[in-house]
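Down below is the structure, laid out as structure tokens.
The values are calculated or read from the model by the stated rules, or taken from the named source; none is laboratory data. Since the model is a prediction, treat every value here as computed from it, not as a measurement. When we count neighbours, we look across all protein chains shown, and the Cβ atoms used for this are built from the backbone with ideal geometry, even at glycine.
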Amino acid sequence: LLTYPLRSPMPWMLLALAVFRQLDRLPSLLGLVFAVLFWVMAFKVAVEALTNTAEGRYEPLGNNDLWATDGDAVRQLVLQVLAVVAVVLVGYFGGLWAALGAYGVMLVAMPAAVTTLAMSGSLGAALNPLTWLALMARLGGQYVAVVAVILVMSLLVGAAEWLLTAQLPGFVGRVPATM
């Protein structure tokens, strides 16, 4: 399972992700285009890995089959944008503490929403809190463990990015920090 990213064609996808991540710093619309390409491609890789491993396939799709998950990647991106918009709106209307509470709810609920969307393909089901609660109840402690691992990994990535950009000058620190 941990070697999934090393299997063909995943190294090429990851290299393209790294390039798009650097090109999203370009000014104006060009940088925005590369940012959108980065996020769609990142969700595409994640959706493919989640779907394949959930179905017991531990080999990535072939080059010709990679286009099959484009719609799924866009739906995952829409889900993420809607989550961010929800937290921002709660913060705008409810203040900082309300926004922090909403952010906490999203941290816990997002793995269930992402999994639901990946498995069902339905944005409506992924946005339904009852679906999240059903998945959380079904998985129990395993779900809590997943959320904890995601939280720890996010904190470690954030710390590594901060250390690289704080300790290394300009471009030298930014490149590895954003890969």
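A few notes on this one:
- Test for Val88: is it out of contact with any helix residue (DSSP H, G or I) (no Cβ under 6 Å at 6 or more places or on another chain) and either more than 22 Å from Ala49 (Cα to Cα) or polar (S, T, N, Q) (or both): yes
- Single unsatisfied condition, Met110 versus (1) more than 20 Å from Val84 (Cα to Cα); (2) at pLDDT 90 or above: (1)
- Residues that are over 22 Å from Val172 (Cα atoms) and assigned to a loop (DSSP other than H, G, I, E, B) were ranked within the range 1-35; the one that is modelled with the lowest pLDDT is Leu1.
- Restricted to helices (runs of 4 or more DSSP H) entirely inside the range 95-168, those with at least 2 residues that are exposed (fewer than 12 other Cβ atoms within 10 Å of the Cβ) and of a type in the set (S, T, N, Q) are 141-167.
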